[in-house]
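Visitor: Attaching a single structure in structure tokens format; questions to follow.
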Amino acid sequence: MLVETGPNRRRLYRPGDPAHAARRGAKTTPARPAIPPRYHPLLDWYTREYAAQRGLEPGADPLLPLRGSGRELWADEHADQYFRRLRETWVSRVFWDTNLFIYLLEGSSPQSARVIEIRERMLERDDATWDGVHVVTDGLHFPG
């Protein structure tokens, strides 16, 4: 059985995934005798590794139990004001994707002027530029 994780995206069902009420308790894998022996290792893999890889018990959430645990941090000031004050000393981390680098290197498009404005503002604020390995590889790929 497959589960839709987004538009045009599917993955194998795992126990605990949301399912239509009519499917609850229904078969999610084929019966071992009903499939050729050469596919038994796949069924074993699904049962042993994939289906067991749930991570959380159904209904468990690692964040909800934290509710109220920071109450003492904001005993004397509102949480919003606390975070505003805290962020004054933070360096912002700004992720740049491939297009920003291309617009900057290109230098003549309307987008490049906006990228230059953004970069200058980042330098004024002492922001950090973050990118990923895909940005480098995309930038090195030139159509042939």
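Visitor: Here is a list of conditions, (1) over 30 Å from Met1 (Cβ atoms); (2) within 28 Å of the chain's Cα centre (by Cα); (3) among the hydrophobic types (A, V, I, L, M, F, W, C); (4) at pLDDT below 80, and Phe95 meets all of them except one; can you say which number that is?
Guide: Of (1) over 30 Å from Met1 (Cβ atoms); (2) within 28 Å of the chain's Cα centre (by Cα); (3) among the hydrophobic types (A, V, I, L, M, F, W, C); (4) at pLDDT below 80, only one is false for Phe95: (4).
Visitor: What pairs come up if the first residue lies in region 1-20 and is touching a residue at least 12 places away in the same chain (Cβ under 8 Å), the second is assigned to a strand (DSSP E or B) and surrounded by 13 or more Cβ atoms within 10 Å (Cβ to Cβ), and their beta carbons are under 6 Å apart, counting only those six or more places apart or on different chains?
Guide: Listed pairs, sorted by first residue: Tyr13/Val3; Asp17/Val3.
Visitor: Output the residue which, of all residues in region 9-25 that are surrounded by 10 or more Cβ atoms within 10 Å (Cβ to Cβ) and among the small types (Gly, Ala, Ser), is farthest from Tyr50 (Cα to Cα).
Guide: Per the stated criteria, the residue is Ala19.
Visitor: Six or more apart or on different chains, Cβ under 6 Å: which pairs go from a residue in region 73-94 that's in a helix (DSSP H, G or I) to one that's of a type in the set (Ser, Thr, Tyr) and surrounded by 10 or more Cβ atoms within 10 Å (Cβ to Cβ)? Could you list them?
Guide: Listed pairs, sorted by first residue: Trp74/Tyr82.
Visitor: Just to be sure, is Thr89 out of contact with any Lys or Arg (no Cβ under 6 Å at 6 or more places or on another chain), at pLDDT 80 or above and of a type outside the set (Asp, Glu)?
Guide: Taking the combined requirement at face value, the residue does not satisfy it.
Visitor: Of Ala60, Ala51, Ala21, Ala75, which residue is aliphatic (A, V, I, L, M), modelled with pLDDT under 85 and in contact with a Lys or Arg (Cβ under 7 Å, 6 or more places away or on another chain)?
Guide: The unique qualifying residue is Ala51.
Visitor: Related question: If I go through region 110-143 residue by residue, how many of them are farther than 30 Å from Glu88 by Cβ and at pLDDT below 80?
Guide: Number satisfying all stated conditions: 10.
Visitor: Within region 96-117, can you find the residues that are within 15 Å of Trp130 (Cβ to Cβ) and acidic (Asp, Glu)?
Guide: Listed by number, the list holds a single entry, Asp97.
Visitor: Within region 96-108, identify whether any single residue is in contact with a strand residue (DSSP E or B) (Cβ under 8 Å, 6 or more places away or on another chain) and part of a helix (DSSP H, G or I), and answer yes or no.
Guide: no
The values are calculated or read from the model by the stated rules, or taken from the named source; none is laboratory data. All figures in this text were calculated on a predicted structure; none of them were measured in a lab. With ideal geometry, Cβ positions are generated from the backbone for all residues, glycine too; neighbour counts draw on all protein chains shown.
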